[in-house]
């Protein structure tokens, strides 16, 4: 339906928000769902690069503020699918049953970030989004009644690591070395 809509089109917008609205208005659609959101994402990528592409839910919020009628089930499904596809590109699985697994997981995350930094037109936000997802999972594990006390402590520690990593990934390795030497960590490690 919209397969060639954005190709070689000279959009006038200078900001992402303005481009979202400009494309939506050009689509001239009665309601907005997955297809229209996909066209807008494609336009964002073509005009501003891969890193500027917003989630379908974010685009839908912008359009709703402008009075768009949304096909909510499509928006939710599109957003969920988009997020899953992005996370699959990272290729890292949450493993934090032991400190060794948690360390390996965060090292993989750092390595993947460095790979993306070296690629032209890479989307480093993807790695940060993945770290946020890992942190939410680790937070959930830290409160899980299914896990034993030590596993919950490790998950809590891993969530703390991810918080620091997201604040400054370049300094994280140094911070982790200091953290692992701290008396608090040493005391917790003996129990783990």
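Return the residue satisfying two criteria in turn: it lies in the stretch 86-106 and is at pLDDT 80 or above and in a helix (DSSP H, G or I), and of such residues it is surrounded by the most Cβ atoms within 10 Å (Cβ to Cβ). Steps first, please.
Keep residues of the stretch 86-106 that are at pLDDT 80 or above, which gives 97-106.
Within this subset, residues satisfying the condition of being in a helix (DSSP H, G or I) are 99-106.
Values: 99: 17, 100: 11, 101: 14, 102: 21, 103: 16, 104: 14, 105: 20, 106: 23.
Restricting to residues being at pLDDT 80 or above and in a helix (DSSP H, G or I), the top hit is 106.
For the list (1) in a helix (DSSP H, G or I); (2) touching a residue at least 12 places away in the same chain (Cβ under 8 Å), I need the number of the one condition that residue 54 fails.
(1)
With the structure loaded, tell me whether residue 41 is under 27 Å from residue 113 (Cβ atoms), surrounded by fewer than 14 Cβ atoms within 10 Å (Cβ to Cβ) and not assigned by TED's automatic domain parsing to the domain that holds residue 134 or whether it fails that test. Walk me through how you get there before you give the answer.
Details: under 27 Å from residue 113 (Cβ atoms): yes; surrounded by fewer than 14 Cβ atoms within 10 Å (Cβ to Cβ): no; not assigned by TED's automatic domain parsing to the domain that holds residue 134: yes.
No: the conditions fail for residue 41.
Report, by residue number, each residue of the stretch 107-129 that is modelled with pLDDT of 75 or more and out of contact with any helix residue (DSSP H, G or I) (no Cβ under 7 Å at 6 or more places or on another chain).
107, 108, 111, 114, 115, 117, 118
List the residue pairs whose Cβ atoms are under 9 Å apart, where the first residue sits in the stretch 90-102 and is on the phi > 0 side of the Ramachandran plot, the second is outside any loop (DSSP other than H, G, I, E, B), and the two are 6 or more positions apart or on different chains.
91/108; 91/112
Per-residue answers, yes or no, for (1) closer than 22 Å to residue 166 by Cβ; (2) assigned by TED's automatic domain parsing to the domain that holds residue 152; (3) surrounded by fewer than 18 Cβ atoms within 10 Å (Cβ to Cβ):
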| position | (1), (2), (3) |
| --- | --- |
| 50 | yes, no, yes |
| 56 | no, no, no |
| 67 | no, no, yes |
| 74 | no, no, no |
| 77 | no, no, yes |
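The values are calculated or read from the model by the stated rules, or taken from the named source; none is laboratory data. All figures in this text were calculated on a predicted structure; none of them were measured in a lab. Heads up, the Cβs are rebuilt from the backbone with ideal geometry, glycines too, and the neighbour counts pull from every protein chain shown.
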